[in-house]
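The values are calculated or read from the model by the stated rules, or taken from the named source; none is laboratory data. This one's a predicted model, so the numbers in the text were calculated from it and none came from an experiment. Every residue, glycine among them, receives a Cβ derived from its backbone with ideal geometry; neighbour counts consider all protein chains shown.
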Amino acid sequence: MSADAVKIGSLELKNPVLTASGTFGYGLEYDDFFDVARLGGICTKGLSRHPRAGNPPERICETPAGMLNAIGLANVGVEAFCRDKLPTLRARGVTVVANIFASTVEDFVVIAERLDAENGVHAIELNVSCPNVTHGGIEFGKDPTLAAQVTAAVRRATRLPLWVKMSPEAGDIAEVARACEASGADAVTAINTIRGMALDVEGMKMRLANRTGGMSGPALRPIALRIVWELAEAVSIPVIGIGGIYTARDALEFLLAGASAIQVGTANFSDPCAALRVADGIHDFCARHALAPADLIGRARRAASPA
Amino acid sequence: MNARRRLMIARLARRESIGDAYHVLYFDVPDGLEGRAGQFLMVRGAEWGDAPLLPRPMSLLTSGAAPSILIKVFGEGTLRMARTEPGEPFALLGPLGLPWRAPDAERRPILVAGGVGVAPLLFLARELAERGVRALSLYGGRSARDLPLADELARVSELEVATEDGSRGERGRVTELLERHLSSASAASRGPGGTEGPTRTQGRTQTERPLAAKAAPSDAVEVFTCGPDRMMARVAQLCAERGVPCEASLETPMACGYGVCLGCPVPLNAGGYLYACTAGPCVDARRIDWRSGEHAPNRASPAGDP
């Protein structure tokens with residue numbers, strides 16, 4: 001195990017930096033920029049059982065220190081992913097976390113079984129928190145009973161490590177996380193976007209065709225950090241932190257709060273090498289302090305007085 | 001075929017203001033940017049901090065060691081760009097997207113520009129001029145103030161102008177200029193078997209033309225267009241009706257510019273979407289479902305600045 005490596009249950013990552021689902025394509029769009037295998041891992045665009053075209057435009061708009069998106073889970077479908085994308089990722093030695101989405105428990109199971117049959121998928125991340133589709137998604141993630149059901153069903157369908165991506169809109173997110181842990185999740189990812197809205201004042205109408213969109217970016221970071229801190233307390237499985245991480249300093253905050261790894265999302269849009277920059281920055285910080293990333297996990301909690 | 005895409009930190013070399021609304025920004029890229037006409041950059045001030053957050057897609061006006069863009073002040077990002085001073089660092093990602101397809105040597109190019117959409121067309125007109133091809137440029141705007149770089153365009157092409165208030169060129173829309181040119185061009189070039197059947201043109205009936213007469217190459221045209229969606233929709237329609245090839249440079253908001261945010265879908269006639277960043281911005285206009293643009297609230301916004 002190299003000095004930068006961290007473990008998420010049984011899965012070893014080369015370093016604690018992954019890219020967030022929906023912000024990094026299928027990891028094959030980066031040939032001009034850097035070797036994606038240098039990252040701790042990539043989370044794929046959310047894969048559904050069948051291809052999806054996504055929502056009509058407008059799908060995105062900028063907000064203060066953030067953005068809204070309502071892509072609608074446009075993706076090639078799990079079959080095309082396995083056929084057209086995965087072989088290249090596997091050959092390149094990329095650590096692949098397949099993010100999956102469905103509107104029924106049965107479809108979640110079908111997708112997981114399909115991925116389980118492939119070499120080169122290192123973990124599955126359940127998207128039970130997408131705010132931009134009419135059915136499924138966030139409905140599973142807001143309710144501990146439904147979240148437990150889908151987690152348990154997928155758990156039975158695959159031997160792969162299973163991560164569940166939390167919605168910040170669950171009434172009691174710690175309860176949802178505990179329900180997922182009890183149903184066999186190996187880690188929880190926190191957080192997905194928070195629903196927001198923006199209007200075009202001159203046009204007197206919605207900016208997004210979907211009316212609402214998931215908010216991401218630096219504006220989200222303090223909320224995500226607080227939730228990661230709470231979840232690290234609530235569950236004993238690893239927490240993977242995500243929410244507005246742009247720099248190594250941002251990432252270190254999440255590690256110190258209790259995240260075992262982090263995901264870089266919106267930052268990829270303005271800098272395709274953002275995740276690599278963050279990983280290098282964490283490495284430098286650790287070298288300066290003669291520590292390994294694993295030593296940082298939850299370190300700020302030691303100094304915290306009981307809440 | 002296309003140059004490798006990269007993220008550069010480049011300092012502003014100079015800013016040329018054209019009134020308050022339009023500015024040309026030149027960047028200092030010592031090792032040169034190998035962008036082609038029709039390609040674009042994602043542009044963001046390197047010291048903007050967290051807001052405005054996203055880079056702005058901007059068509060290249062020139063390439064090389066001093067690549068440049070034309071901006072119109074529309075939102076916060078373009079306002080910052082309009083106030084930038086030489087030496088300010090910018091993050092430039094590019095060159096991105098598909099360039100204009102190679103002009104057909106057998107057809108005369110007609111460039112139809114609306115306002116800030118002139119940038120990729122002026123780039124194209126300059127390239128054509130270097131090869132000895134003088135394009136016909138039709139340039140429209142609300143008023144004379146909305147025709148940035150019109151004089152530059154006149155230097156490298158034959159320019160005709162239309163403004164809605166009549167303050168420069170003809171009063172009216174640029175699409176009316178195009179319609180007139182296409183009517184005369186198609187009248188001259190349409191031989192037997194033309195798409196509209198037998199018609200009386202220029203005082204002759206078709207049968208008066210020798211049967212062997214094919215359209216002379218000099219009569220055939222093709223159109224390249226960039227501007228507001230409604231303008232391009234009309235240009236595309238006029239061309240489609242006459243069987244004239246038409247290439248359009250799409251403008252939509254986008255967050256990444258390189259194919260991962262999926263924020264720039266453009267509806268296709270065949271159903272589904274193409275992503276303007278990687279399957280465009282330059283596309284065959286016949287592929288686009290232009291009607292659906294009317295339902296999109298921000299499609300007319302220049303370069304996606306919200």
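Observations
- Qualifying positions in region B:241-271 - at the interface with chain A (Cβ under 8 Å from one of its Cβ atoms) and of a type in the set (Val, Ile, Thr): B:252, B:260, B:266
- Residue in region A:144-159 that is within 30 Å of residue A:38 (Cβ to Cβ) and not charged (D, E, K, R) present: yes
- For residue B:270, the criteria (1) surrounded by fewer than 22 Cβ atoms within 10 Å (Cβ to Cβ); (2) under 18 Å from the mean Cα position of the chain (by Cα); (3) among the aliphatic types (A, V, I, L, M) hold in every case but one, which is (2).
- For region B:118-156, a tally of residues being among the polar types (S, T, N, Q) and surrounded by 24 or more Cβ atoms within 10 Å (Cβ to Cβ) returns 1.
- In region A:200-272, counting only helices (runs of 4 or more DSSP H) that sit wholly within it, the ones holding 3 or more residues that are within 18 Å of residue A:16 (Cα to Cα) and in contact (Cβ under 8 Å) with a residue 40 or more places away in the chain span A:221-234, A:248-257.
- Consider region B:273-282 and keep the residues that are aliphatic (A, V, I, L, M) and surrounded by fewer than 22 Cβ atoms within 10 Å (Cβ to Cβ). The one that is farthest from the other protein chains (Cβ to nearest Cβ) is B:279.
- Candidate set from region A:37-95 (those that are within 7 Å of chain B (Cβ to nearest Cβ) and assigned to a strand (DSSP E or B)); member that is nearest to the chain's Cα centre (by Cα): A:69
- Some residue of region B:134-153 being in a helix (DSSP H, G or I) and among the small types (Gly, Ala, Ser): yes
- Unmet requirement for residue B:151, which otherwise passes all of (1) within 24 Å of residue B:281 (Cβ to Cβ); (2) modelled with pLDDT of 95 or more: (1)
- Of all the numbered requirements in (1) under 30 Å from residue A:91 (Cα atoms); (2) among the acidic types (Asp, Glu); (3) part of a loop (DSSP other than H, G, I, E, B), residue A:125 misses one, and that requirement is (3).
- If you go through region A:31-41 and pick out every residue that is crowded, with 23+ Cβ neighbours inside 10 Å and in contact with a helix residue (DSSP H, G or I) (Cβ under 6 Å, 6 or more places away or on another chain), you end up with 1.
- Out of A:212, A:266, sole residue that is within 12 Å of another protein chain (Cβ to nearest Cβ) and among the β-branched types (Val, Ile, Thr): A:266
- Breaking point among (1) at pLDDT 95 or above; (2) buried (at least 21 other Cβ atoms within 10 Å of the Cβ); (3) among the polar types (S, T, N, Q), for residue A:88: (2)
One line per residue, one yes/no per condition, for (1) free of Cβ contacts under 8 Å to residues at least 12 places away in the same chain; (2) crowded, with 24+ Cβ neighbours inside 10 Å; (3) within 14 Å of another protein chain (Cβ to nearest Cβ); (4) touching a helix residue (DSSP H, G or I) at 6+ places or on another chain (Cβ under 8 Å):
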| residue | (1), (2), (3), (4) |
| --- | --- |
| B:14 | no, no, no, no |
| B:55 | no, yes, yes, yes |
| B:77 | no, yes, yes, no |
| B:95 | no, no, yes, no |
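- Region B:78-127: number of residues that are at positive phi and in a loop (DSSP other than H, G, I, E, B): 2
- The one condition in (1) of a type in the set (A, V, I, L, M, F, W, C); (2) at pLDDT 95 or above; (3) more than 17 Å from the chain's Cα centre (by Cα) that residue B:60 fails to fulfil: (3)
- The criterion of at least 2 residues that are more than 17 Å from residue B:152 (Cα to Cα) is met, among strands (runs of 3 or more DSSP E) falling completely within region B:20-74, by B:22-28, B:40-45, B:56-62.
- Hits in region B:161-179 - residues which are among the basic types (Lys, Arg) and touching a Ser or Thr at 6+ places or on another chain (Cβ under 8 Å): B:168, B:171
- When A:104, A:19, A:44 are checked against the criterion of being of a type in the set (Val, Ile, Thr) and under 30 Å from residue A:289 (Cα atoms), a single residue qualifies: A:19.
- Residue match in region A:15-31 (condition: outside any loop (DSSP other than H, G, I, E, B), within 11 Å of chain B (Cβ to nearest Cβ) and closer than 16 Å to residue B:257 by Cβ): no
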